[in-house]
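Here is the structure we will look at, set down as structure tokens.
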Amino acid sequence: MLPDLSLNDSPKELYQKAIQGFQNEITSLQSLQNQYSSYPFAQVLEEVITLYQEIANLGYDEFFEKFLGYENRLLDTKDDIIEPLINDFLATRIELYKTIINFFDANKDIILEISPEDYNSLLALKNDTRPDLGNKIHKAKNIYENLKEEIKNLLEDEKSKTLSEIERYITQIQNDPNFAKLHQEKNNEQKSAVLHEFLELKKMIETSSNIYLIRDKRASLENLYIKALEMIDEFIAHNEGIQIKPTKKIPIQKILPKMHTLKTKEDVENYLQELRDKLLQAIDNDNEIIV
């Protein structure tokens, strides 16, 4: 708390150094109290600040007359407040630091996507050899809490989009005329088999916290849909005891002509001719086109 005092110091120098030491401590404690005012333990500092202010306000003669009378109160403050508080405070900061860094490591890609500035701030904290200095951890805590909320909202949005798409494809399959022809008896649950991957994927999405995985699964739904339609064809052929000509189902989006700007009737005619050629070529190649 106090600066180094020398036996060679004059009484005046001892007084000035001691008072300056208490004033410096008051400034530090007030800064700590303001910085962490939301923490309950910060309020305990008020008692220490009041004691230090009382001593710092002593005049020269009064200081040497009364200082020894503060000895017990200073020792009690040190043992009962300062040391336990600092130990708890450091432990709290260490745990908070670990939480922030673990969060950053687990979500760095999505953090970079959401906010490159916040990404750089947390990366700097991770690489800092003295993150305990100043209010670095306190600033990082605010970034962490904001990002945590943003990621939570983004996750819910991605889940909602994906689950909605899954339901849309399931409905399309169930509305397919051929789906109604499938068996659903015990030990021959063809309808359940067709929908199985969609239903399993739905359960997985509902419990997943990986935004990129959810996006990837949403992008794969069209292929899953085509697979389901092909499975329906196979089941119908099996049920009717017929051989079906192998065909590949492809969505029309994959064979549409490259993007054009249509400004004239001739542009329209050329585009439609190109589309017609691609559709016919797909049919000639034993493909079924899903529109």
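Some points to look at:
- Among the numbered conditions (1) more than 25 Å from the chain's Cα centre (by Cα); (2) exposed (fewer than 13 other Cβ atoms within 10 Å of the Cβ); (3) basic (Lys, Arg), the only one that Lys203 does not meet is (1).
- Scan of region 161-198 for residues that are hydrophobic (A, V, I, L, M, F, W, C) and exposed (fewer than 12 other Cβ atoms within 10 Å of the Cβ), ordered by number: Ala180
- Identity of the residue in region 99-154, touching a residue at least 60 places away in the same chain (Cβ under 8 Å) and either among the small types (Gly, Ala, Ser) or outside any loop (DSSP other than H, G, I, E, B) (or both), that ends up surrounded by the fewest Cβ atoms within 10 Å (Cβ to Cβ): Asp109
- Some residue of region 170-187 being more than 23 Å from Ser209 (Cα to Cα), touching an Asp or Glu at 6+ places or on another chain (Cβ under 8 Å), at pLDDT below 95 and not in a helix (DSSP H, G or I): yes
- Residue in region 1-28 that is modelled with the highest pLDDT, counting only those that are aliphatic (A, V, I, L, M) and surrounded by fewer than 18 Cβ atoms within 10 Å (Cβ to Cβ): Leu14
- Qualifying residue in region 224-234 (condition: loosely packed, with under 12 Cβ neighbours inside 10 Å and either hydrophobic (A, V, I, L, M, F, W, C) or out of contact with any strand residue (DSSP E or B) (no Cβ under 7 Å at 6 or more places or on another chain) (or both)): no
- Residue match in region 101-111 (condition: over 19 Å from Ile211 (Cβ atoms), at pLDDT below 95 and not hydroxyl-bearing (Ser, Thr, Tyr)): yes
- Of all residues in region 78-93, those satisfying the criterion of being at pLDDT below 75, surrounded by fewer than 15 Cβ atoms within 10 Å (Cβ to Cβ) and not charged (D, E, K, R) are Pro84, Ile86, Asn87, Leu90, Ala91.
The values are calculated or read from the model by the stated rules, or taken from the named source; none is laboratory data. For clarity, every value in this text was computed on a predicted model and none was experimentally measured. So basically every Cβ, Gly included, is an ideal-geometry build from the backbone, and we count neighbours across all protein chains shown.
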